[in-house]
Amino acid sequence: MHFTNKQDVGFSPTFAKASSLGRVITYLPKGMTKIQQLCPNGYKKLKHLYFEKQSGRYVAVFKKSHTDAGWVSLEKGLCGANVPIKEYSCRMSKDFMYGQNLEWNTFYKGLARHGGKPVFWIWK
């Protein structure tokens with residue numbers, strides 16, 4: 001995932017693969033109208049994703065916070081969101097990393113949180 005802002009939530013080219021996993025829906029009032037039209041039965045279940053600094057690390061939260069990432073799904077397939085994003089602890093620091101599968105990286109291998117289940121889904 002790649003979130004860049006002045007709070008330094010971002011993508012690590014050293015410890016993650018440099019490729020796009022997918023997209024979140026950015027908040028635009030008329031953009032939400034389009035989502036309502038495309039997904040009339042599910043758009044109310046979409047959640048606004050933020051990152052919040054907790055104990056020195058950034059954590060994905062679904063309440064208003066200072067780092068706005070956009071809208072995501074908490075259910076696989078809802079409104080077409082099918083890219084699972086998991087949360088991983090790091091062996092070398094207290095940071096969390098978010099990605100589809102970080103088992104290839106020894107810093108995160110075997111450290112998927114939440115029982116290895118996705119925290120949210122995004123769009124391809």
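Modelled spin-label separation between Ser93 and Lys124, with each label point placed 7 Å from Cα along the Cα-to-Cβ direction: 3.2 nm. When only DSSP loop residues count, what chymotrypsin sites (Phe, Trp or Tyr not before Pro) in region 40-124 have their Cβ near at most 14 other Cβ atoms within 10 Å? Filter output for region 40-124: Phe62, Trp104.
A cut-off of 5 Å between modelled amide H atoms, ignoring neighbours fewer than 5 places along the same chain, links Leu49 with Ala69, Gly70, Trp71, Val72.
Could you tell me whether region 56-121 comes out rounded, prolate or oblate from its Cα gyration tensor? Rule is a ≥ b ≥ c as square roots of the eigenvalues, rounded for a/c under 1.5, then prolate if a/b exceeds b/c, otherwise oblate.
oblate
Probing with 1.4 Å while keeping every protein chain in the model, the per residue accessible area of region 84-124 equals 55 Å².
Extension gain, Arg113 to Lys53: 0.36 nm times the residue separation minus the Cα-Cα distance gives 19.9 nm. Modelled label positions at Asn41 and Lys63, each set 7 Å beyond Cα in the direction of Cβ, lie 3.3 nm from each other. Of all aspartates and glutamates in the structure, those lying under 16 Å Cα to Cα from Lys117, and not within fewer than 8 positions of it along the same chain, are Glu75, Glu87, Glu103.
Between Gly70, Tyr50, Asn82, the Cα set farthest toward the positive side of the dipole of region 48-100 (charges on each charged residue's Cβ, about the Cα centre) is that of Tyr50.
With all protein chains in place and a 1.4 Å probe, the accessible surface of region 44-103 carries 47 percent carbon and sulfur.
The trypsin sites (Lys or Arg not before Pro) of region 63-121 that meet both conditions, a loop assignment by DSSP and at most 10 other Cβ atoms within 10 Å of the site Cβ, are Lys63, Lys64, Lys94. A simple rule links phi to the HN-Hα coupling: the Karplus curve 6.51 cos²θ - 1.76 cosθ + 1.60 with θ = phi - 60°, which for region 113-123 gives 8, 6, x, x, 7, x, 7, 7, 10, 10, 9 Hz, with x for Gly and Pro.
The values are calculated or read from the model by the stated rules, or taken from the named source; none is laboratory data. Predicted, not measured: the structure shown is a model, and the values here were computed from it. Cβ atoms come from the backbone with ideal geometry, glycine included; neighbour counts cover every protein chain shown. Protein only, heavy atoms only, side chains kept; ligands, DNA and RNA dropped before computing areas. Shrake-Rupley method; radii C 1.70, N 1.55, O 1.52, S 1.80 Å.
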